[in-house]
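J.: Below you'll find the structure I mean.
No value in this document is a laboratory result; all are computed from the given coordinates. Note that the coordinates shown come from a computational prediction; the quantities given were computed from them, not determined experimentally. All Cβ positions, glycine included, derive from the backbone under ideal geometry; neighbour counts span all protein chains shown.
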Ligand SMILES: Cc1cc2nc3c(=O)[nH]c(=O)nc-3n(C[C@H](O)[C@H](O)[C@H](O)COP(=O)(O)OP(=O)(O)OC[C@H]3O[C@@H](n4cnc5c(N)ncnc54)[C@H](O)[C@@H]3O)c2cc1C
């Protein structure tokens, strides 16, 4: 047996973004010994990149806001495919999670009367995003890290060992989760610096690894988003739900090429930014779908008045949910009304003064000035859609975040599925990761308690074979280059399973992904294990290929357009499909997709909607079966 560094923990949290840190805090508060593992440096996660804010119905800016309105907005945004229980828990618990952050030391922007300030965002009926300028994620992660350090200091004082209960393993990538008889026994990874392997014996793994954006070339996501948690869950026997739903954020930078895809926060539109095509037209008024027509202005004058008088006017269509805006921009560019670099114009300089822009949108000001030499206080930005967020994810029980199929496996944050349905509202991720990070930490701790004194240990044979697999690309000569395969995969996903899809193209993508999978069995990497990015990519590719197959297979099966899944050949929403979740399982190296009925929403939640609205989403049979009070 290869000698490898070995640890034993009650709970292993994979990921040190908001979801992972919040899960770890909860598990520690439950008295568990917790390992936090991150493949990047501590503090470098997507959570830190979040700009606009965290959505929570605190009612600080408009007292009409409450959890019921937030729940309604989330379900509407997700086009009613959300797991109702997750959306309910999220809407109810998000305010407490934000206030709790204040007790940990977070400093949010304030309203004139000293409450946490809340800003407008697409799809949210009232100003709802708690924020710190446009650097909210930085404050969130700083605060959670500070809480971890304070817990470690308590342990140092009490036990003389600050790492007795929480230890952070940074720059360590997990490559395998082990199970025995359907229950987790541990996981294994490698130090990115030395290439040395490390094993963790544990009964409970919380996946908090974020998303899959690196399957695409134009993306707001960074190198960490290779779908590791998604793929590891499937390989361990877990399931993914609705992987066809990917959010293409409408506003990424389109120029210069080296920064294409970098996010332009929705706060620019929340704070009054308008979208225009190359003819100077505010085109979004042409793209308001029937389901949203009642809530959105139909003239520029009304949309403009809404910023100062939201009570008596409807919001401008620039603030439609992201899927609608992204599709509209795509159509304008396709119709030849795009900017010189293939985007549209986003202009906030005509609404806010330079002082307001640099105060409210400091990161955007610097981003455009430094990367594109554009002064957004004076001129418009050029923007276009960028792959941003995956709504699909690990299928979990809403209350505990536990996989229904693998005992001891939990998931929270972007890697979790179900909460956002077919489209996530901006701001709902930061609150999602706080609400479900906490619940996952709690669920994992309760599971560990239920095990009593039973000891969990990874089988030696499992470890041995995982090490052999991981080393294979280094021991092989004359095979395929991982960078070539990755680049080809990104081309396939961008061109054939991108923002607009059709059957023939997705079928073509699946053939090509199959070919890439075969070639990837023969990867070769030059050099040794010591900080070798080619080897790291070779290990990540296995995950990227598996989740890309899941996305493409689910995208081919769902014959309708909804949220983050647009089929050119099935352009409308189909109420029959609203009743269906697509579930991906790994069958060996292949992804198998099956249909599963959505859970039924209880009457008290259904009654929050007018029947006229439910008619837009439900089948005749569902409408007839509605209880009396909703009819
Ligand atoms: C530019 C940008 C702006 C955004 N703005 C907002 C916003 O304003 N509001 C909002 O609600 N949402 C926003 N989002 C989305 C939101 O930031 C993310 O969805 C959210 O932060 C994800 O949090 P997480 O904890 O699930 O994952 P992350 O914060 O990404 O953390 C993932 C962690 O997992 C680790 N990891 C991954 N794989 C492995 C592995 N194999 N082994 C070990 N560790 C691993 C990573 O190193 C990292 O520590 C934004 C996203 C981006 C990219």
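J.: If you scale each eigenvalue of the Cα gyration tensor by 5 and take the root, what three semi-axes come out for the stretch 454-561, rounded to whole angstrom and sorted largest first?
T.: With the √(5λ) rule applied to the stretch 454-561, the semi-axes are 30, 19, 11 Å.
J.: Cα axis of helix 84-104 to longest principal axis of the chain: angle in degrees, 0 to 90, nearest 10?
T.: 80
J.: Give the share of C-alpha pairs in each 5 angstrom bin for the stretch 250-388, from 0 to the last occupied bin, in whole percents, shortest bins first.
T.: Here the calculated profile for the stretch 250-388 is 2, 11, 21, 23, 21, 14, 6, 2, 0.
J.: At 0.36 nm per residue, minus the direct Cα-Cα distance, what do residue 569 and residue 68 gain on full extension? Give it in nm, one decimal, please.
T.: Between residue 569 and residue 68, full extension yields 176.8 nm more.
J.: Compactness ratio of the stretch 403-451: Cα Rg over 2.2 N^0.38 Å, N = residue count?
T.: Normalised by 2.2 N^0.38 Å, the Cα Rg of the stretch 403-451 equals 1.26.
J.: Over the alpha-carbon set of the stretch 360-499, divide Rg by the Kirkwood Rh and report the Rg/Rh ratio to two decimals.
T.: 1.10
J.: Starting from the Kirkwood Rh over alpha-carbon pairs, what translational D in µm² s⁻¹ does the stretch 66-113 have by Stokes-Einstein at 4 °C and 1.567 mPa s?
T.: Diffusion coefficient, whole number: 107 µm²/s.
J.: For 104, 447, what's the fewest-to-most ordering of other Cβ within 10 Å of each Cβ?
T.: Going from sparsest to densest Cβ surroundings: 104, 447.
J.: Then there is this: Would you list the P(r) distribution for the stretch 487-631, with all Cα-Cα distances sorted into 10 Å bins from 0 and each bin expressed as a whole %?
T.: Reading the bins upward from 0: 10, 30, 25, 18, 11, 5, 1.
J.: For the stretch 101-142, what are Rg and Dmax over the alpha carbons, in angstrom?
T.: Gyration radius and largest Cα-Cα distance of the stretch 101-142: 10.7, 29 Å.
J.: So if I take the centroid of the Cα atoms in the stretch 102-158 and the same for the stretch 196-248, what is the distance between those two points in Å?
T.: Distance between centres, Cα-based: 26 Å.
J.: If you don't mind, another one. Taking R0 as 41 Å, what's the FRET efficiency between residue 355 and residue 290 from their Cβ-Cβ distance, rounded to 0.05?
T.: Efficiency, rounded to the nearest 0.05: 0.55.
J.: Turning to a different aspect of this structure: Using mean Cβ contacts within 10 Å as the protection proxy, how do 487-494, 560-567 order, highest first?
T.: Descending mean neighbour count gives 560-567, 487-494.
J.: Another one. How large is the convex hull of the Cα atoms of the chain per residue, expressed in Å³ as a whole number?
T.: Hull volume normalised by residue count: 154 Å³.
J.: So for the pair residue 483, residue 335, with labels modelled 7 Å out along Cα→Cβ, what separation do we get in nm?
T.: Result: 4.2 nm between the two label points.
J.: Using packing as a proxy for protection, rank 584-597, 461-474 so that the peptide with the highest average count of other Cβ atoms within 10 Å comes first.
T.: Descending packing order for the listed peptides: 461-474, 584-597.
J.: How tilted is helix 428-450 with respect to the longest principal axis of the chain? Cα atoms for both, answer in degrees (0 to 90, nearest 10).
T.: 30
J.: Along the principal axes of its C-alpha atoms, what lengths does the stretch 1-154 span, in descending order and rounded to whole Å?
T.: Principal-axis extents of the stretch 1-154 (Cα, largest first): 61, 37, 27 Å.
J.: Given the Cα-Cα distance of residue 531 and residue 366 and 0.36 nm per residue of separation, how much length would full extension add, in nm?
T.: 56.2 nm
J.: When the Kirkwood hydrodynamic radius is evaluated over all pairs of different C-alpha atoms of the stretch 589-630, what value in angstrom, to one decimal, is obtained?
T.: Hydrodynamic radius (Kirkwood, Cα only) of the stretch 589-630 equals 12.2 Å.
J.: Out of all DSSP beta bridges in the stretch 461-620, what portion is antiparallel? Express it as a percent rounded to 5.
T.: Roughly 75 percent of the DSSP beta bridges within the stretch 461-620 come out antiparallel.
J.: What do you get for the angle between helix 67-77 and the principal long axis of the chain? Use alpha-carbon atoms, 0 to 90 degrees, nearest ten.
T.: Helix 67-77 sits at roughly 90 degrees to that axis.
J.: Another one. Using helices alone, I'd like the mean residue ellipticity at 222 nm for the chain: each DSSP H run of four-plus residues gives -39500 (n - 2.57), total over residue count, nearest 500.
T.: -11500 deg cm²/dmol
J.: Treat the count of other C-beta atoms within 10 Å as a stand-in for reagent exposure and order 430, 537 from fewest to most.
T.: Fewest-to-most ranking of 430, 537: 537, 430.
J.: Let me ask something else. Once you have the Cα-Cα distance between residue 115 and residue 605, take 0.36 nm times their residue separation minus that, and quote the gain in nm to one decimal.
T.: Result for the pair: 173.5 nm of gain on full extension.
J.: Ok, one more. Be a star and scan the stretch 553-575 for residues whose amide nitrogen sits under 13 Å from the point 7 Å along the Cα-to-Cβ vector of residue 503.
T.: 556-560, 568-571
J.: Just report the Cα centroid separation between the stretch 567-631 and the stretch 420-466, whole Å.
T.: Centre-to-centre distance over Cα atoms comes out at 27 Å.
J.: Still on this structure, I have one more. Give the percent of DSSP beta bridges with both residues in the chain that are antiparallel, rounded to the nearest 5.
T.: Looking only at bridges with both residues in the chain, the antiparallel portion is about 65 percent.
J.: Sort the following peptides by mean Cβ neighbour count (other Cβ atoms within 10 Å, averaged over residues), highest first: 11-19, 314-322, 617-625, 280-288.
T.: Put in order of decreasing packing, that is 11-19, 314-322, 280-288, 617-625.
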